[in-house]
Amino acid sequence: MQLHTTSGRWRLGLALSLMTVFLWGVLPVALSVTLQKLDVYTVIWFRFFVSFWVLGAYLAARKQLPSPAKLRLIPLSLLGVAVVGLALNYVFFMLGLSLTTPGNAQVLIQLAAVLMGLGGLVIFKERYTLRQWLGLSVLSLGFVLFFNEQLRSLVTAQGKYLLGSGALVLGSLTWAFYALAQKQLLQKLPSASVMLIIYGSCAFLFMPFATPARLFLLSPLQWGMLIFAALNTVCAYGAFAEALEHWEASRVSAVLALTPIVTLISVSLVAFWVPGLLPVERITILAVLGAVFVVAGSMTIALGKSR
């Protein structure tokens, strides 16, 4: 099987990766507000449902909807891996979040980007230079420092906490499978067409578990956050898929490692502007040092030259 190769436009790939980081980083704020009234399955279904119709309308207006002939070229097994991988990632992440803490969830879900990067090295034959391997070491040390309290809790955990942590690890693994399958699907269709099929398939999968009637119970603020979360899905995953078109998966994954830092900053800002809406994550001096290491390591991997 011929493997996908990038376009070589690394600056565009970097910009799209940073856009993905920002959108995924602020998303938990909107989800936290929305989940005060809705169950997780209805939120997931609504995001995929809206994303499918918004992206479909956009492609139809530009006359870029995939034709039946092109759809027949897609390997169903590979598409199945992408759809099931992304759907399971959503389920495992929500389960892990409910059984542990937001901080612990942020630690373990970052395995997804690491696994995607390693998969890019193995499957797509991407290569790191010595400088980039050193950057990976700095990034890993940064995460240990940044999340030292959560890691300490994980080591001493029992019962539900370990079950939730296991779910988060599985969520990371399934997301990595999705991301690598998504990259290979770019051999057959443009990124927007691939995402349209994935959105529609995931919306169909979650439909039996959703309760749309609960949408009428939302306040204007919760409606606004839900719509933002849905549009965020379109833009963030669209940018991520397009980034894989132009840049190596191992480089994209390094930039995605910045996401939890954006999340904690956005949560702190919201807690400052709207006290009581969200709990504040306490950041120590050690965590700040870890954040510096994460940024430095991520940029070293992302901007280093390939061999």
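Taking the condition part of a helix (DSSP H, G or I), more than 27 Å from Arg251 (Cα to Cα), β-branched (Val, Ile, Thr) and open to solvent by 30 Å² or more (accessible area, probe 1.4 Å), does Val81 pass? Against the criterion (part of a helix (DSSP H, G or I), more than 27 Å from Arg251 (Cα to Cα), β-branched (Val, Ile, Thr) and open to solvent by 30 Å² or more (accessible area, probe 1.4 Å)), Val81 does not qualify.
Exactly one residue among Ala229, Ala213, Ala203 is free of Cβ contacts under 8 Å to residues at least 12 places away in the same chain and either open to solvent by 30 Å² or more (accessible area, probe 1.4 Å) or under 16 Å from Tyr41 (Cα atoms) (or both), and that residue is Ala213. Pairs needed: first member in the stretch 245-272, open to solvent by 30 Å² or more (accessible area, probe 1.4 Å); second member anywhere, assigned to a helix (DSSP H, G or I) and of a type in the set (S, T, N, Q); C-beta distance under 7 Å; at least 6 residues apart or different chains. Going by the 7 Å Cβ cut-off, the qualifying pairs are Glu245/Ser191. All conditions but one from (1) closer than 24 Å to Pro260 by Cα; (2) open to solvent by 20 Å² or more (accessible area, probe 1.4 Å); (3) in a helix (DSSP H, G or I) apply to Gln36; the one that does not is (3).
Consider Lys183 carefully, then state whether it is of a type in the set (D, E, K, R), in contact (Cβ under 8 Å) with a residue 60 or more places away in the chain, buried (at least 18 other Cβ atoms within 10 Å of the Cβ) and part of a helix (DSSP H, G or I). Spelling it out, Lys183 is indeed of a type in the set (D, E, K, R), in contact (Cβ under 8 Å) with a residue 60 or more places away in the chain, buried (at least 18 other Cβ atoms within 10 Å of the Cβ) and part of a helix (DSSP H, G or I). Just one of the listed residues (Ser165, Ser137, Ser98, Ser191) is at pLDDT 85 or above and among the hydroxyl-bearing types (Ser, Thr, Tyr), namely Ser137. If the condition is being open to solvent by 50 Å² or more (accessible area, probe 1.4 Å) and β-branched (Val, Ile, Thr), then the stretch 41-69 contributes only Val54. Scanning the stretch 8-37 for residues that are of a type in the set (S, T, N, Q) and more than 12 Å from the chain's Cα centre (by Cα), we see that the one that is modelled with the highest pLDDT is Thr34. Among residues of the stretch 22-38 that are of a type in the set (Lys, Arg), those with a Cβ under 6 angstrom from a residue that is at pLDDT 80 or above and in a loop (DSSP other than H, G, I, E, B), sequence gap 6+ or separate chain, pair up as Lys37/Leu218.
The values are calculated or read from the model by the stated rules, or taken from the named source; none is laboratory data. What you see is a predicted model; the values in this text were computed from it and never measured. Note that we place each Cβ from the backbone using ideal geometry, even for glycine, and neighbour counts take in every protein chain shown. Please note that ligands, DNA and RNA were not included when accessible areas were found on the heavy atoms of the full protein model with its side chains. Shrake-Rupley method; radii C 1.70, N 1.55, O 1.52, S 1.80 Å.
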